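Structure first, then comments.
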Amino acid sequence: MLRVLTYNVRRCLGTDGRLSPERIAAVIAACRPDVVALQELDVGRRRTGGVDQAQAIADRLGMGSHFHPALQVMEERYGDAILTALPSRLVRAEGLPGLARRPGLEPRGALWAAVAVRGREVQVITTHLGLDRRERLAQVSALTGPRWLGDPACRAPVVLLGDLNAVPLSRAYRHLAARLTDAEGGPFGGWARPTFPARLPALRLDHIFVGGGIVSRGIRTLRAGEARLASDHLPLVADLAFAPPRPGLAAAPLPARPANPDDAGSHGRA
């Protein structure tokens, strides 16, 4: 079994106004995940005391970290991370496309690490998509293209997780769901277990997708205690298992496919 967690931590600023990477780490530790994907981390930023939040949380959890700054100004960075105590290697970390006509949009990126799990290598990709529906669809098109899911190195098994800023009726979600399986299962699985806003969750903006040799054994949000206060999103957790191999079939990369140029709408926040 492999337990994965995705969590938009909002620079470790809680809904009660308290800034605490330690509290975020405690919320994560409560469910004992093997792989953690985090979004909206500050590293060396004055507004959060210059702390390397990715490393601080990883240290508390006894994990190593891979960090990608979607935004960097001088020494201040802001972005996403993959944390794990399992052997892992960074495969790719780079920006995702924005909109040429809207240069002021917040930069977005993705991070890909290969994690060794009981003699098998799992390809783990995390991302934090934009707020504009056209922007999200361009970013999903990139993720399903030759640099990410379509890369020959992205061989099964595969997990893609993060804050998509998209609900299941959106084009962005549906294009990913056509390539991978929502760990919630079923055609409307993405509606279940909302993650935003944390105090009274109504929208599922955070998702865990699996494909190529991985199946979901259960998914849930963490809603108890400090999880409602530590960030404006709730953590989403899934228990995954390796699917039995099909005789005579080798694992293959997911084919690249362009996305449709329209989307269903924008929800939530960065």
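At-a-glance table
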quantity	calculated
Computed magnitude of the charge dipole of the chain (debye, nearest 20; Cβ of K, R +1, Cβ of D, E -1)	380
Å² of accessible area per residue within the chain, as computed with a 1.4 Å probe and no ligands counted	42
Efficiency of FRET from Cβ geometry, A178 and E76, R₀ 30 Å, rounded to 0.05	0.20
Charge dipole of the chain about the Cα centre (unit charges at C-beta), most positive-ward option of A142, G213, V117	G213
For D52, residues with placed amide H under 5 Å, excluding near neighbours	G44
Accessible-area composition of segment 78-152, carbon plus sulfur, in percent [1.4 Å probe]	53
³J(HN,Hα) computed for each position of segment 143-155 - Karplus, 6.51 cos²θ - 1.76 cosθ + 1.60, integer Hz, glycine/proline x	5, 8, x, x, 7, 10, 4, x, 5, x, 6, 8, 8
Within the chain, helix-based [θ] at 222 nm, where runs of 4 or more DSSP H residues each add -39,500 (n - 2.57), nearest 500	-4000 deg cm²/dmol
Cα-Cα separations in the chain greater than 36 Å, expressed as whole percent	7
Integer Hz, Karplus 6.51/-1.76/1.60 couplings in order for segment 199-210, x for Gly and Pro	5, 9, x, 10, 10, 9, 9, 9, 9, 10, 10, 10
Three-way shape label, segment 24-107, alpha-carbon gyration tensor, a/c 1.5	prolate
Label point distance in nm, D16-M1, each placed 7 Å from Cα along Cα→Cβ	3.0
Gaussian network model of the chain, Cα within-10 Å springs - most flexible of L240, L111, L205	L240
Estimated FRET transfer efficiency when R0 is 25 angstrom, pair A29-L203 (beta carbons, to 0.05)	0.45
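The values are calculated or read from the model by the stated rules, or taken from the named source; none is laboratory data. Since the structure is predicted, the reported quantities are computational estimates derived from the model, not experimental observations. Note: ideal-geometry Cβ built from the backbone for every residue, glycine included; neighbour counts use all protein chains shown. To get the accessible areas, we keep the full protein, side chains included, count just its heavy atoms, and leave off ligands, DNA and RNA. Shrake-Rupley method; radii C 1.70, N 1.55, O 1.52, S 1.80 Å.
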